[in-house]
Amino acid sequence: MTIGVRRRMGVEERRQQLIGVALELFSRRSPDEVSIDEIASAAGISRPLVYHYFPGKLSLYEAALQRASDDLAARFVEPHEGPLGARLLRVMRRYFDFVDEHGPGFSALMRGGPAVGSSTTNALVDSVRQAAYVQILSHLGVTDPPARLELVVRSWISLAESTALIWLDGRRIPRAELEAQLVNDFAALVAVSAAYDEQLAALLRRMVEDEPADGPFADLAGRLVALAS
């Protein structure tokens, strides 16, 4: 890591610099293992000066998580163009880009890290999940989701989180396979609920009608047919 050069900064500029330094360190190692002294050294300032901008490690940690959560939520933003399967696959690639680049920080964000029990941390996690939920509904063209669809979308978001956390523990499955699998998981969850709900059955038909032969949903159908035969 490049050591920051000592120079005079404005208050907000220095705060943003410290947040960036902390986020980089938290992305490489568990926040529990990162000290204020390390953050100060990387920023090129003294330890007491860190406390001038943040009252403690927890407040700096939460500020870093705020930036990380904003970044992660933005990964779900995708233009409403082309087949849904391809759109979701691009979202999953960006999502795993974040997970890959910020492994310990992602784990800390989702599991709580040193801020377990912090209402701020819990709110940040909830904000990411809600942003993802709203984005997925917008791609489905739904503004007032029925109960089963809400369950499907929120369950899928939780599945993506848990899949990413398990993948970080050894990365034993190729990342690209997991990205495609999660897209197919979404289709599978909708299909199961569609068997019980005509609204979701209609949604499923819309999802697949524009799906190209080489799209992820078509790939899933082909694999299932091959298994059945």
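Okay, residues lined up against (1) surrounded by fewer than 19 Cβ atoms within 10 Å (Cβ to Cβ); (2) under 25 Å from V99 (Cβ atoms):
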{"residue": "E177", "(1), (2)": "yes, yes"}
{"residue": "V183", "(1), (2)": "no, yes"}
{"residue": "S193", "(1), (2)": "no, no"}
{"residue": "D197", "(1), (2)": "yes, no"}
{"residue": "R206", "(1), (2)": "yes, no"}
{"residue": "P212", "(1), (2)": "yes, no"}
- Among residues of segment 128-149 being over 13 Å from F76 (Cα atoms) and not β-branched (V, I, T), the residue surrounded by the fewest Cβ atoms within 10 Å (Cβ to Cβ) is D144
- Does any residue of segment 66-86 turn out to be touching a Phe, Trp or Tyr at 6+ places or on another chain (Cβ under 7 Å), within 22 Å of E177 (Cα to Cα) and aromatic (F, W, Y)? no
- Sort through R111, R75 and tell me the only one that's in contact with a Lys or Arg (Cβ under 7 Å, 6 or more places away or on another chain) and charged (D, E, K, R). R75
- Message: Need a quick list: helices (runs of 4 or more DSSP H) entirely within segment 37-117 having at least 3 residues that are small (G, A, S) and over 30 Å from A221 (Cβ atoms).
- Response: 57-74, 103-111
- Query: Do you know which of the residues in segment 154-165 that are in contact with a Leu (Cβ under 9 Å, 6 or more places away or on another chain) and farther than 20 Å from A194 by Cβ is surrounded by the most Cβ atoms within 10 Å (Cβ to Cβ)?
  - Reply: A160
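For every residue, the table says whether it meets (1) crowded, with 16+ Cβ neighbours inside 10 Å; (2) touching a residue at least 24 places away in the same chain (Cβ under 8 Å).
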| position | (1), (2) |
| --- | --- |
| R75 | yes, no |
| P79 | no, no |
| P83 | yes, yes |
| R111 | no, yes |
| N122 | no, no |
| V152 | yes, yes |
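Laboratory data are not the source of any read-out in this text; all were calculated from the coordinates shown. As the structure is a prediction and not an experimental result, all values here were calculated from the model. As a convention, Cβ positions derive from the backbone with ideal geometry for all residues, glycine included, and neighbour counts pool all protein chains shown.
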